[in-house]
Structures are given as C-alpha cells and as structure tokens.
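Below: the structure, in structure tokens.
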There are 2 protein chains.
Amino acid sequence: MKKYLCGVDIGGTSIKIGLFDIDFNLLERFSIPTNLENHGSQILSEIAFAIQEKTSFDDIIGIGFGVPGPVFRDIIQKSVNLGWERVDLKKEFYAIIKRDDIVIHVSNDANTAAFGEYKHGVAKGHTNVAMMTIGTGIGGGIVIHGHIVDGVNGVAGEIGHMIVDHKYDFLCNCGKIGCLETVASATGIIRVANYKLKNSNLDSALRNYHHGFSAKKVIDFAKEGDLLSTQVMNEVADYIATMFANITYTINPDIFVIGGGVSLAGDYLLSLIEEKYYPYALPFVTKTNIKLSTLGNDAGIYGAASLVKP
Amino acid sequence: MKKYLCGVDIGGTSIKIGLFDIDFNLLERFSIPTNLENHGSQILSEIAFAIQEKTSFDDIIGIGFGVPGPVFRDIIQKSVNLGWERVDLKKEFYAIIKRDDIVIHVSNDANTAAFGEYKHGVAKGHTNVAMMTIGTGIGGGIVIHGHIVDGVNGVAGEIGHMIVDHKYDFLCNCGKIGCLETVASATGIIRVANYKLKNSNLDSALRNYHHGFSAKKVIDFAKEGDLLSTQVMNEVADYIATMFANITYTINPDIFVIGGGVSLAGDYLLSLIEEKYYPYALPFVTKTNIKLSTLGNDAGIYGAASLVKP
C-alpha cells in the first residue's frame, strides 16, 4: 500500500525534498544541487532520480512541487531562476516517471511555504494567512479559506513588488522603482544603509566596514543602539508595516507570517514592525498576529507535500 | 411554493430593496428612508414592514443584507453611518419576523456590491474580483474563488484606507493620513484641486468658482483640457493605479470593477487609470481587466439577494 507523500522545493541553487508519512511526519529530508545547465532541462529528471534512490514510486501517493516563478493552474509561466520558460511540470514529470497513479500538484515556492505554515506551522488554525519571506529578495504567499491564492497571472503573493517607496527610487530586478524588495530585503537593507552613510554625517559602526557589510550586521548594530543602523531598521520596518496595512485593507488576514533569512532578526524585527503597523491599521484593526515562521527552511517541503493531501 | 429572493442594501440615507425570482430577474425595486433615530433602532422592523407590504413572507426563500460597516460571520461589528454598535442582524431580524423558514445572510455593503457584479454584472465569469466604489468616500469588496472575503475583522476590501499618499497628508475620517480616500474620492478630488489652486499659479477655469465646486466639475474641466484639473485627475488616477498594483501583488484579480458616483467619469477615468497601472504592474501583468460597474446602484441589491442563493 502507498504510504508516502513527497514535497519538493525547487530553489535556484538547491532542491529540497521531503518524504512524509500520511500524518505528515517528516521521515526523511534530503537535497540535490540545482542543475542550471541547458536552461534547467535536467532538473525534473534529476529530481525523479533522487526520489527513486530513496524509495520506490510504488510507495508514493503524490508529489507536490514548489517552483520559483508564477504558476497558474499547475503551469509555470516562467522561472528566471531556473532558466525555464512556460513549463507544464505535471505533464513533463509524468512523462519522466511513466506512471499516472501518482498525484502531482505544482505551486509557486513562496505560496507553497505559506501553505506549509498554514497546514503545519505557526499559521495552523487560521483562516486568512499572508506570509512574507525576506531574504535576498522578498517573496510571499496568500492562503484564504484554506486555499492558496494564485491569481490570474500567478502573481498573487508577489508582495516584494508592492509599491511602497517614494523616497529612494532604487531600481528593482523587475525593472521598476518603489518595490518593497528594493528597500526591505537583505539587499534593500544594505542599500538603505549605504545611502544613509553617504548622505548623512551620522556616526555609525558601519563606517568601519570599508569593503561592505551584510544586512545582519546592520540589524546587529541596530539592536546595540547604533544610530544610523537604527534609523535604517526603523525605515525598513515602516515599509513592511505599510505593506501589511495595505494587505489588511485587501484581505484582512488573521495572521502575518515572516520567514526567510532576515526573519532571524527575530523579536527585535517583530516589535519594530508591530509598532509601525498599528498606526496604519487603526481604528479598523486593533490586534493582529504578526509571527515568525516556525517551519523555517522546511516550510516549502511541508507545503509542497500538503498540496497533494490538503 | 416560495418564489422570491430579497436583497436589502442599507445605506445611511435610504434603504434599497429588490425582489427577485429564483432566476434573478429583478421583479420589483423600492426604497425607504433610513430612520437614524435612537441609534437606528427601528431600521430592521421598518425593513420587515416594507417587505411585507409588497409580498408575504410565505413567498420569500431568503433575504440578504448589505450593511455599511465591517461584518464578520454575519455579525455587524459597528456601523458609524447607522449608529449601530455590534449588531447580530440575523438574530434580530428573525426575532422581528418570527419565522425561521427564511434564509438570512449579512455582509458589508461594498462586499455585497462586489458580489453582485461577480454574480450578475460585469465581473460575471471571473475568478478573483476586486471592486472599488468611488463616491464621497471609497469602499471596496473582494471576491475570491466565488466567495466574499470578509477577513478576521471584517475589514477586507476597505481599500479606501490603503496607504498611498505621502505628499498631501490630508486627514481621513478614520483619523489617519495617507489613505486613498483622502485623495481619490469625490471629496479627495476637490481637496487636491483646492490644494493646487492655492499652491500653484496654474491657470484654471476652477478659479472662477468662488463658492466651491464639485468633483464632477474637476473631471469635466480635465476632459476639456483645463491644465490644473488635468494635473489633479492624473494624480488621482496615479493613486488608484498604485493601489490596483498593490492589490495585484496580493491577490492578482482577473478584473477590477469601478463603481460609485465618480465612475460616471467613464472611459476618461478608465484610460487614465490603465495608463498609470501598467508601469506598476509590468513585467508581471501585461493585461488585466479594468471595467466600469454595469449594475450601478443596483449592485447592492443583486449582491445581497445572491448571498441567499449563491
């Protein structure tokens, strides 16, 4: 009898794979490097091979995939990170494994992470969930009434591109200015800090780093009271809070979940965001949940596996 | 046999009531004034009375209500316009009509209008719908996968309070600054125009109106090429477009519907908004539907009746 659910989280550098039993106990977690050669044309067969090395497809009920890029009705519209143009992953994976007794579902990776937190993490039991993943960029996912919201172009949850900045006009990877990602991602934090170093005389420990610094450095110095770093983090939190407020006035989620590398700033970041959020949300919302991801890097595989057995 | 569906759209000055057959043909539409005395305590019994004057409750399958204020799980959290604090409308209405064979559902009025457009108007056949009603204020409603999104505080769709302005800092009725409503509602348009009249030397036909002017005047002059009025409408459209983009990055609707008095500006307003929207939405969204409401003032009664038989 079939006994495993499989969650696959495809990233630009590595692919995480999780095997779960039907009660969603994580039995095994492994990863393979992402083969970007030939526009990522080997990625799917390498995933199939890696799964087969661990277990027989006879034992697998279904496989869920989280993919970096917009997905609409199981079709990946484009994945810049993987070098994919329009890919019908479901069809291609069936063609590789040559069996149709396995359920396959596909969603955007950030949506999948949000779904993971909703099904098995900090957002469990909530109805409307908005998740934001802050790393090099900013991703996000929306779950409403138990379903991932993809949107007609698969763009739902791409909250890194919400227009919030009217001050710095940094250029985003997407070609626009004003995107949340340009001022509140790890690279955004560094950018805002560099701008302030150049355009103010504020004393800062960051001035000793002549060859650059990480976002973590800015956060650590801010926690210690460094003036310029504190100013940076206040602004970053304000941008995120504005965006949370705008999401509130759209879908009024019961919980905001923050994940990704920058979320390691922990309670310090949460308090800053909360402090800035309520003035924007009042008088309509007096209390909302703003929490850190509890599944961390595993949110994707949990969510992907949950696509199969929601 | 029961044969009618009833939709009730409660406004601050009048209450619109529609009787529909089960195929949603509008058989009769009537209205009564909103009795605001004693914190609106007579409103529900007056509605019951008005319906009974037209038909017997024996013939009514169900009644849907659209109410100005946040609603969560059929409970009105508060309605400033009606003078209501927390009201369990369903329970109170059952107590008045003393029969439980009639289905009753309640939602926010703007959500109800959005639902009306989704079921019977311009948004029919679409999956994710965002509606904006521009009148004295700005309201809105969100429908996803066929369901109204209320949100945990009933605040979903309150897009008039999305933070978009960082320039004028006009005070909103809600006590905040930056709200879309302060710069893009009918009153917002007048406010922006007055600001520009005072703070620029631009020539404008509006300068001849010493005792004030309507938003319609600004729109009409803009259509005729009046420089200052054109500047005002360009800014207003830009605020709306920014907000549409931010909604796109949250739920990526297949259609935006614009209703309310200001929507009478018609194609002129649509083109302006589209022109500003795409630069914010690209490269993720190259084509979306931005349309005028087709049900107009009847959207509320259509939507309310549809709550009963979705």
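Can A:K91 be described as surrounded by 16 or more Cβ atoms within 10 Å (Cβ to Cβ) and outside any loop (DSSP other than H, G, I, E, B)? Write out each step before concluding.
Working: surrounded by 16 or more Cβ atoms within 10 Å (Cβ to Cβ): no; outside any loop (DSSP other than H, G, I, E, B): yes.
Here the answer is no, as A:K91 does not meet what is asked.
Quick grid of which residues meet (1) buried (at least 21 other Cβ atoms within 10 Å of the Cβ); (2) in contact with a Gly (Cβ under 7 Å, 6 or more places away or on another chain); (3) in contact (Cβ under 8 Å) with a residue 24 or more places away in the chain; (4) assigned to a loop (DSSP other than H, G, I, E, B):
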| site | (1), (2), (3), (4) |
| --- | --- |
| A:G157 | yes, yes, yes, yes |
| A:L197 | no, no, yes, no |
| A:L206 | yes, no, no, no |
| A:D220 | no, no, no, no |
| A:T230 | no, no, no, no |
| A:M233 | yes, no, yes, no |
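Out of all the residues in region A:238-284, which are of a type in the set (F, W, Y) and under 18 Å from A:I159 (Cα atoms)?
Matches in region A:238-284: A:Y239, A:F244, A:Y249, A:F256, A:Y277, A:Y280.
Answer yes if at least one residue in region B:217-237 is within 14 Å of chain A (Cβ to nearest Cβ) and within 30 Å of B:A156 (Cβ to Cβ), and no otherwise. Outline the logic, then answer.
Step one: list which residues in region B:217-237 are within 14 Å of chain A (Cβ to nearest Cβ), which gives B:235.
Then drop every residue that is not within 30 Å of B:A156 (Cβ to Cβ), which leaves B:235.
Yes, region B:217-237 contains at least one residue that is within 14 Å of chain A (Cβ to nearest Cβ) and within 30 Å of B:A156 (Cβ to Cβ).
Only one residue in A:S204, A:S185, A:S214, A:S229 is within 30 Å of A:A304 (Cα to Cα), among the small types (G, A, S) and outside the structural domain of A:A304 (by TED's automatic domain parsing). Which one?
Working: A:S204 fails: within 30 Å of A:A304 (Cα to Cα); A:S214 fails: within 30 Å of A:A304 (Cα to Cα); A:S229 fails: within 30 Å of A:A304 (Cα to Cα).
Criteria check complete, one pass: A:S185.
Is one or more of the residues making up region B:141-156 out of contact with any Cys (no Cβ under 9 Å at 6 or more places or on another chain), closer than 13 Å to B:E181 by Cα and more than 7 Å from every other protein chain (Cβ to nearest Cβ)?
No - not one qualifying residue is present in region B:141-156.
Just to be sure I understand, how many residues within region A:250-292 are assigned to a helix (DSSP H, G or I), within 14 Å of chain B (Cβ to nearest Cβ) and not aromatic (F, W, Y)?
Summing the residues that are assigned to a helix (DSSP H, G or I), within 14 Å of chain B (Cβ to nearest Cβ) and not aromatic (F, W, Y) in region A:250-292 gives 5.
State which residue is surrounded by the most Cβ atoms within 10 Å (Cβ to Cβ) when the search covers only region B:94-112 and only residues that are among the hydrophobic types (A, V, I, L, M, F, W, C) and over 19 Å from B:V152 (Cβ atoms).
Only one residue fits best here, namely B:I104.
Where residues in region B:159-195 are of a type in the set (K, R) and within 13 Å of another protein chain (Cβ to nearest Cβ), which of them is surrounded by the fewest Cβ atoms within 10 Å (Cβ to Cβ)? Step through it out loud before you land on a result.
The initial filter retains those residues of region B:159-195 that are of a type in the set (K, R), namely B:167, B:176, B:191.
Pick out the ones that are also within 13 Å of another protein chain (Cβ to nearest Cβ) and you get B:167, B:176.
Numbers: B:K167: 13, B:K176: 20.
Result: B:K167.
Limited to region B:1-22, what total is found for residues that are outside any strand (DSSP E or B) and either in contact with a Ser or Thr (Cβ under 7 Å, 6 or more places away or on another chain) or of a type in the set (S, T, N, Q) (or both)?
3
Give the residue that is nearest to B:M162 (Cα to Cα), with candidates limited to residues of region A:171-188 that are in contact (Cβ under 8 Å) with a residue 24 or more places away in the chain and assigned to a loop (DSSP other than H, G, I, E, B).
Of everything passing the filter in region A:171-188, A:S185 is nearest to B:M162 (Cα to Cα).
I'm trying to understand the selection: among the residues of region A:159-170, which are of a type in the set (V, I, T) and assigned to a loop (DSSP other than H, G, I, E, B)?
Hit for region A:159-170 is A:V164, nothing else.
Scan region A:54-69 and tell me whether some residue there is in contact with an Asp or Glu (Cβ under 9 Å, 6 or more places away or on another chain), part of a loop (DSSP other than H, G, I, E, B) and closer than 18 Å to A:V155 by Cα.
The answer is yes; a qualifying residue exists.
Name the one entry in B:D74, B:D9, B:D59 that is farther than 30 Å from A:H145 by Cα, assigned by TED's automatic domain parsing to the domain that holds B:S107 and in contact with a strand residue (DSSP E or B) (Cβ under 8 Å, 6 or more places away or on another chain).
After ruling out the rest, the residue left standing is B:D59.
Of the residues B:V80, B:V71, only one is free of Cβ contacts under 8 Å to residues at least 24 places away in the same chain, within 14 Å of another protein chain (Cβ to nearest Cβ) and either out of contact with any Leu (no Cβ under 7 Å at 6 or more places or on another chain) or surrounded by fewer than 20 Cβ atoms within 10 Å (Cβ to Cβ) (or both); which?
Among B:V80, B:V71, only B:V80 is free of Cβ contacts under 8 Å to residues at least 24 places away in the same chain, within 14 Å of another protein chain (Cβ to nearest Cβ) and either out of contact with any Leu (no Cβ under 7 Å at 6 or more places or on another chain) or surrounded by fewer than 20 Cβ atoms within 10 Å (Cβ to Cβ) (or both).
Please enumerate the residues belonging to region A:255-285 that are among the charged types (D, E, K, R) and surrounded by 14 or more Cβ atoms within 10 Å (Cβ to Cβ).
If the condition is that a residue be among the charged types (D, E, K, R) and surrounded by 14 or more Cβ atoms within 10 Å (Cβ to Cβ), then A:E274, A:K276 are the ones that fit.
Provide a single number: the residues in region A:29-56 that are exposed (fewer than 15 other Cβ atoms within 10 Å of the Cβ) and within 24 Å of A:D150 (Cβ to Cβ).
Residues flagged as exposed (fewer than 15 other Cβ atoms within 10 Å of the Cβ) and within 24 Å of A:D150 (Cβ to Cβ) within region A:29-56 amount to 1.
Hey, B:M132 hits all of (1) within 14 Å of chain A (Cβ to nearest Cβ); (2) assigned to a helix (DSSP H, G or I); (3) not acidic (D, E) but one; which does it fall short on?
Unmet for B:M132, out of (1) within 14 Å of chain A (Cβ to nearest Cβ); (2) assigned to a helix (DSSP H, G or I); (3) not acidic (D, E): (2).
Quick one: A:I32 ticks every box in (1) under 19 Å from A:D109 (Cα atoms); (2) not in a strand (DSSP E or B) bar one, so which box is it?
(2)
The values are calculated or read from the model by the stated rules, or taken from the named source; none is laboratory data. Nothing here was measured: the structure is a model prediction, and the numbers come from that model. FYI the Cβ positions are ideal-geometry reconstructions off the backbone, even for glycines, and counts take in every protein chain you see.
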